[in-house]
Structure formats: structure tokens, C-alpha cells
Amino acid sequence: MASKPEPKALADKVALYDRLLATQGLERKGAAMPYTSVNGNMFSQLNPSGTLALRLPEGAREAFLQAHGARLHEAYGIVQKEYVAVPDALLADTGRLGPHFAESLAYANSLKPKPTTKPKKT
């Protein structure tokens with residue numbers, strides 16, 4: 001039996017991400033590229049460089065960018081307009097980041113569910 005590939009991000013960043021997910025009782029998805037999603041809508045991801053991206057609604061996104069001196073997340077040369085790049089110091093502070101993560105989860109829950117392509121199990 002083949003084992004799951006290890007996440008591409010640094011182990012310490014993955015551990016911080018897992019600790020953050022535990023605040024909401026969530027488990028990470030994605031073997032190599034850790035992420036979270038609800039109803040088919042991704043709302044966080046940890047990229048190989050160890051940068052956490054959080055999906056936030058417009059008002060919260062602007063407030064986050066100003067409060068934390070952050071920037072919009074960029075992946076593969078494309079700016080992801082709904083995602084903020086979480087500064088490393090904030091990723092290490094689960095207590096301060098937790099409310100933003102909870103807001104990201106709530107936002108994802110408010111979005112229209114995406115249809116699944118997987119067949120339903122009977």
C-alpha cells in the first residue's frame with residue numbers, strides 16, 4: 001500500500017496550520033498541498049513556501065490587510081483577490097489568528113455549494 005505524500009510545506013508550518021485547524025475541529029485536506037474547504041469552497045491553503053492563504057469577505061479582507069501589514073495572496077503568478085497572505089508571526093500566534101480563521105470558515109459556509117464530481121456512495 002502506498003503511503004500518502006508528505007506536505008510540501010515545512011513541517012513546522014504544517015504543525016502550526018494543524019493547530020489552527022484544531023481550533024475549529026477541522027482536519028486538513030490535501031496530502032501534498034494542505035488546504036481546507038467546505039461545500040466545495042476552499043477557504044485556506046498552505047503553499048509549499050509555508051505561506052498560509054485565508055479567504056475572507058471584502059470588508060474583513062481590507063481590515064486584515066491594514067491591521068497586519070499583509071498583502072493579497074499570490075499563487076503561480078496570479079493574485080488571488082479573495083485571499084490574504086498571513087504573515088509568519090501571525091501564523092505562529094493561534095490565539096490572534098483563530099478569529100480570522102473562524103471568519104474565513106463562516107464566509108466559505110455562506111457561499112453557494114459547488115457541485116461534486118464524485119459519485120455518491122450507496
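Laboratory data are not the source of any read-out in this text; all were calculated from the coordinates shown. All values reported here derive from a predicted model rather than from experimental measurement. Note: ideal-geometry Cβ built from the backbone for every residue, glycine included; neighbour counts use all protein chains shown.
Annotations for the structure displayed:
- Partner aspartates and glutamates for residue 81 [C-alpha distance under 17 Å; skip if fewer than 8 residues away on the same chain]: 58, 62, 103
- Value of relative contact order over the chain, rounded to a whole percent, pairs C-alpha under 8 Å and six or more apart: 25 percent
- The Cβ shell under 12 Å around residue 47 holds other residues with a net charge of +1, Lys and Arg each +1, Asp and Glu each -1.
- Given charges at Cβ of Lys, Arg, Asp, Glu: the chain dipole, positive-most of 14, 115, 34: 115
- Gyration tensor verdict on the chain (Cα atoms; rounded if a/c is under 1.5, prolate if a/b is larger than b/c, oblate otherwise): oblate
- Bridgeable aspartates and glutamates around residue 13 (alpha carbons under 17 Å apart, same-chain partners fewer than 8 residues away excluded): 27, 88, 93.
- Each Lys and Arg adds +1 at its Cβ and each Asp and Glu adds -1 at its Cβ; summed about the Cα centre, the chain shows a dipole of about 620 debye.
- Cα→Cβ-extended label distance, 7 Å offset, between residue 75 and residue 32, nm: 1.4 nm
- Difference of contour (0.36 nm per residue) and Cα-Cα distance, residue 96 to residue 24: 24.5 nm
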